[in-house]
1. Please determine, by comparing only the residues of region 172-193 that are small (Gly, Ala, Ser), at pLDDT 90 or above and part of a loop (DSSP other than H, G, I, E, B), which one is surrounded by the most Cβ atoms within 10 Å (Cβ to Cβ).
2. Cβ-Cβ distance below 8 Å, separation of 6 or more or different chains: which pairs start in region 459-471 with a residue that is of a type in the set (Phe, Trp, Tyr) and end on one that is assigned to a strand (DSSP E or B)?
3. Could you please find all residues in region 523-554 being of a type in the set (A, V, I, L, M) and either over 14 Å from Ser565 (Cβ atoms) or assigned by TED's automatic domain parsing to the domain that holds Arg465 (or both)?
4. Can you pull out every residue in region 455-479 that is surrounded by 18 or more Cβ atoms within 10 Å (Cβ to Cβ) and of a type in the set (A, V, I, L, M, F, W, C)?
5. What do you reckon, is Glu503 in contact (Cβ under 8 Å) with a residue 12 or more places away in the chain, among the charged types (D, E, K, R) and within 16 Å of His564 (Cβ to Cβ)?
6. Filtering region 242-256 down to residues that are crowded, with 19+ Cβ neighbours inside 10 Å and hydrophobic (A, V, I, L, M, F, W, C), which residue is farthest from Gly198 (Cα to Cα)?
7. Considering only region 194-219, how many residues are basic (Lys, Arg) and modelled with pLDDT of 85 or more?
8. Quick one: in region 565-583, which of the residues that are of a type outside the set (Gly, Ala, Ser) and buried (at least 16 other Cβ atoms within 10 Å of the Cβ) is nearest to Pro520 (Cα to Cα)?
Amino acid sequence: MKWKLQIKIFFILYSINILCSQDYKIQFATIPTGQGLATGDSFGVLNSIGGLLSQESISDSFIVGEGFLKTSQNVFSEPPLISNFNFPNLINKSSGSINVDATLFDLNGISKAELYLQVGGTANELILTMVEGLEGKYQITIPDSLIGVENFRARVIAVDNMENISSSEYKTVGVKFIGGEMTMAHGNSSYPEGIDKGGWRLISWPGVPQDLSLAKSKLKEGHIFYQYNPLSEEYIIPGIIEIGSAYWFKHKYDEPVVFEEDTSSSLPLENYKISLKQGWNMIGSPFSFSVPFEKDSTVGDLFTFGNQDKDGWSSSQNTLESWRGYAVYATDTAKITLLPFGEIENSAERIIASDEWVLNLRLDSESYFNYSTTVGRKNHASNTLDSYDTPRLIDLNNNLSIVTNLDGLKTNSYIRDIRSTEDFNGVWDLRIESESDENMILFSGLFEGPTSKDLHVSIVDIQKRAIEYDFPGSSIEIQHKTSLSYDFKLVAGDLDYVIQKSENILENIPEEYALSQNYPNPFNPITKMNYQLPKRSRVIISIYNVVGQEVRTLLNEDQDYGVHSITWNGVDQYGKAMATGVYFARMSTGSFSQTKKMLLLK
């Protein structure tokens, strides 16, 4: 046995001698931890937990196998395991604080565990330290002061002793409130002071009221609700509240109306989808704070109605506010998704191509405003009707609007006319319509995002026979004392085109009213008359006999500027053929009147 021991000692000393002669230094902690330092003339290994042992290291007399070290390293570099993250199914505000717990496990041991809590409508997360209990369970109590109508979402963050980090998924639930906490007077509400007497407003309900019925009243003494039906294209008086829908509301009470609910439940803070029907839809947010949204390609811009001082339609909106309603048009059935924790994408930031531009047209009067109309060009738009074009809004008052004449049609009925970028130059027909008695209207514009330096815009004022080349840099004042529409043409493109086209437009519009002589004359039994209008006017053309009796009214309507014609077939208003004789055709437009003598021969 003694000689065997001597042989072992010999081989040990021999091995040490070889290692020392190769200048190897080996210093390792226990292999399972993966810590150590090895150096030599042919390799070097530096390893610790969290580091990377990149390859097997070999010399002519020493081999460090990577397999066991690598396996050990991977085990100890794994982040903590989070399981059984317990959250209540429903938070009842009357119960006060709530307890939350999660089970954590890690071979390195848990350094800290925290609950990251994010209140709806905020970007930052509150960090609450969790306390360790038995069998790896960590607990935290969320005080009732953090449980508000905005609701919240939470996640667990765990860190082990080697600073590996793990995060759970977010969890969120509904919250049931009491005592009128879900109120329009809340600081995040669009109507914190309530809704004033006499004006229409679009409203919606955040959360889910326990009682979904709408109280009915006669507007003459109280209030009224209207809901728009896109299928029948008419307004109906609703009986219940539909979450995600909006309602027209108007009242005649002396004090502002503030809506509040005795018992409501906030929704979990998860993405919320609203289904849209083809046509105009009235929608609202079920959340108690402003939220951004995503929408299908067939969905247009979102608009809301009214501000603190005036009635009127807003410009395009990027968020949905609490308690406020919105109008949105869809060219087909579609969806819009509300993102309670999504990032807001500004519409101007979406305009990135140098040949794209969008101009928002704005009207302001003493009592009304309208910022809903836009014209412009986009890469994927066409010059004909497509999803980029939007018909006029469904308004209860029709107080003030500016509409476009899409595709050269004679029906000015669009508030969004976006065309292809294949063309740079173009003309847009614009018409201001007002049912109110507003003496002064201010017409202005605002580009949504950057534009090409080569783009120029002019406004041709048909009524004034004037051209404004500095638009939208300058606003245009309109003296509007009648209910007649007011016509403009917007010319956009390169400078030479804008100047020449604007001048040509005025040259081709009559400078004054005129009624031409009928032809043929004498006639039997049909004759024709031409007449011209320098601006849109109410035109009356009538036929009289020699004793001044009106026998036929040929025309009594509003007509566009330009040259028109009309015929008379020689019969009176009852269809009876008139006798041979002299007749008179008279045209009147309020400030203008002209008469022509005609001879009917049989």
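The values are calculated or read from the model by the stated rules, or taken from the named source; none is laboratory data. Given the structure is predicted, the values throughout are model-derived calculations rather than measurements. Reconstructed Cβ throughout: ideal geometry from the backbone, glycine too, with neighbour counts over all protein chains shown.
1. Among residues in region 172-193 that are small (Gly, Ala, Ser), at pLDDT 90 or above and part of a loop (DSSP other than H, G, I, E, B), the one surrounded by the most Cβ atoms within 10 Å (Cβ to Cβ) is Ser190.
2. Final answer for the pair search is Tyr469/His456; Tyr469/Ser458; Phe471/Gly445; Phe471/Val457; Phe471/Ser458; Phe471/Ile459; Phe471/Leu490.
3. Result: Ile540, Ile543, Val546, Val547, Val551.
4. Result: Leu455, Val457, Ile459, Val460, Ile462, Ile467, Phe471, Ile478.
5. no
6. So, considering only residues that are crowded, with 19+ Cβ neighbours inside 10 Å and hydrophobic (A, V, I, L, M, F, W, C), the one farthest from Gly198 (Cα to Cα) is Ala246.
7. So the answer is 2.
8. Trp568
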